[in-house]
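Worksheet: one structure, shown below.
Quick note: the coordinates plus some simple rules give every number you see, no bench work behind them. Source: prediction; values computed, not measured. Cβ placement follows ideal geometry from the backbone for every residue including glycine, while neighbour counts extend to all protein chains displayed.
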Amino acid sequence: MKLSRIILHHLRIPMKEVFKTALGTETVRDTLLVEVWGEGGEVGWGEVVATHSPWYSSETVETAWHVIRDFIAPSLRGKDVEPSTFGDEVSWIRGHRMCKAGVEFALWDLKGRLTSKPIRDLIGGVKDRVEVGLSVGVIGDFARLIKAVSEGLSKGFRRIKLKVKPGWDVDPVRAVRREFGEIPLQVDANGSFTLTGDHVSRLKELDRYGLLMIEQPLHHEDLVKHSKLQKMISTPICLDESIRSALDAEAAYNLGSCRVINIKPGRVGGLAETLRIHDFWAGKGLPVWIGGMLETGVGRAFAVAAASLPSVKYPSDISPSSRFWEVDVVEPPWELRSDGTMEVPRKPGIGVEVLDKVVRRYEVKSLGISLS
Ligand SMILES: [Mg+2]
């Protein structure tokens, strides 16, 4: 595909629900939408899932803006590009995976629209509906925790994930087990624990609650200590932040650092790398699931498509639009069905339409770059 231009849209959107994790609190979401134009005027949309600050990864909306404007866009000028090989073509740019994913996503959408295929079909997805789980932030109050879990279960979410950190760890899990029994339950520490005595004893205590998995308990750069911890507990460790690429997945497998991977397509450089991680892990007979980054409805489309892959064996963190946004930037908004699943679109590309007026309402700045 030849492109005629790329347009960057920096949006700042107020969130309906404050979301707190071991890493920080989100009340406003800055995000970068990427719009690519094909030669014939067709349009594809993608989203860079970085935020205003490097709290989750080293990338931000501003670093992505810089890298796309100064390096990726010039490298696309006059070239034939395909979403499946885009990541390899920009592999000379080290890191910046969220930034690369944002552009790659837009190419997948454009490809889907040009070939009249949904992204699910382009990447080999097999499901019509995907299972959705609820992620509950570090609430710090037991009555509010029970209320949030109760509401999530009544809406149909297929599993509950509790964000934990040292000091808010065993007690909330015990409270939820006592109130709701053997529901599908897991925790996510966002790397906030260490292998010191006190933390290890808490992690071993969590091991007694029949959790589906303990997600990213230790530092995101430490596969070796995760391997040591996995030998101490029987609950599967799931790695999220630690897995940036298929090479990381291979290292984690060889070290025995985890048994499950939470793949975030926007974190690993896009759908092509998502497929590599998925296929490698599936080849070892191990499961994955798809995580969320509080994306708008644009980024959500790629998570939904990825969740339709065959080795996604657990519910994914794919919130409906109404959880965090008063108005999503896409139509129709993403909705949770009462059975806790979400429909995988059959329409071409991302399967939803981007609403210009909503993009403009939240737009902080935009930049058009000619590629012809
Ligand atoms: Mg996580």
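Between GLY95, GLY112, GLY340, the Gaussian network model of the chain with springs among Cα atoms under 10 angstrom shows the greatest mean-square fluctuation at GLY95. Between region 314-372 and region 1-79, the alpha-carbon centres lie 14 Å apart.
Give the shape of region 122-343 as rounded, prolate or oblate, defined through the alpha-carbon gyration tensor: a ≥ b ≥ c are the square roots of its eigenvalues, a/c under 1.5 means rounded, and otherwise the shape is prolate if a/b is larger than b/c and oblate if not. The shape class here is oblate.
With the charge dipole of the chain set up from +1 on Lys and Arg Cβ and -1 on Asp and Glu Cβ about the Cα centre, the Cα lying farthest toward the positive end among the listed residues GLN186, SER316, GLY297 is that of GLN186. Put simply, the amide H of GLU353, placed in the peptide plane, has neighbours under 5 Å in GLU331, leaving out anything fewer than 5 places away on its chain.
Label sites at ARG208 and ASP339, each approximated as a point 7 angstrom past Cα along Cα to Cβ, lie 3.8 nm apart.
Pairs LYS111/LYS163; LYS161/LYS284; LYS127/LYS155; LYS231/LYS284; LYS20/LYS347; LYS165/LYS228: which are spaced more than 30 Å apart, C-alpha to C-alpha? Spell out each step's value before the answer.
Values: LYS111/LYS163 37 Å; LYS161/LYS284 25 Å; LYS127/LYS155 21 Å; LYS231/LYS284 18 Å; LYS20/LYS347 35 Å; LYS165/LYS228 20 Å.
Those over the limit are LYS111/LYS163; LYS20/LYS347.
Where both bridge residues fall in the chain, DSSP classifies roughly 60% of the beta bridges as antiparallel.
In terms of its C-alpha gyration tensor, region 172-233 has a prolate overall shape, because the principal axis ratio a/c (a ≥ b ≥ c, square roots of the eigenvalues) is not below 1.5 and a/b outweighs b/c.
Between rounded, prolate and oblate, where does region 121-203 land on the alpha carbon gyration tensor, with a ≥ b ≥ c its root eigenvalues, rounded for a/c under 1.5, else prolate if a/b exceeds b/c? Could the numbers behind the result be given before it?
Numbers: a/c = 2.65, a/b = 1.43, b/c = 1.85.
Since a/c reaches 1.5 but b/c is at least a/b, the shape of region 121-203 is classed as oblate.
Could you tell me the center-to-center distance, by alpha carbons, between region 81-152 and region 188-262 in angstrom? Taking the Cα centre of each part, region 81-152 and region 188-262 sit 23 Å apart.
Report for region 122-343 the percent antiparallel among DSSP-assigned beta bridges with both residues inside it, nearest 5. Each step should come with its number before you reach the end.
Details: 4 of 22 bridges.
Close to 20 percent.
Restricting region 1-72 to GluC sites (Glu not before Pro) that sit in a DSSP loop and have at most 15 other Cβ atoms within 10 Å of their own Cβ leaves GLU39.
Using the scaling law 2.2 N^0.38 Å as the reference, what is the normalised Cα Rg of the chain? It would help to have the intermediate numbers written out before the result.
On the way: Rg = 19.8 Å, N = 372, 2.2 N^0.38 = 20.9 Å.
Normalised Rg, Cα atoms only: 0.95.
Which whole-number percent is the relative contact order of region 25-142 (Cα, under 8 Å, 6+ apart)? It would help to have the intermediate numbers written out before the result.
Numbers: 131 pairs, mean separation 34.4, N = 118.
Once normalised by length, the contact order is 29 percent.
Cβ under 9 Å from VAL136's Cβ, VAL136 left aside: what net charge do those residues give with Lys, Arg +1 and Asp, Glu -1?
Numbers: positive: LYS161, LYS163; negative: none.
Once all neighbours under 9 Å are counted, the net charge is +2.
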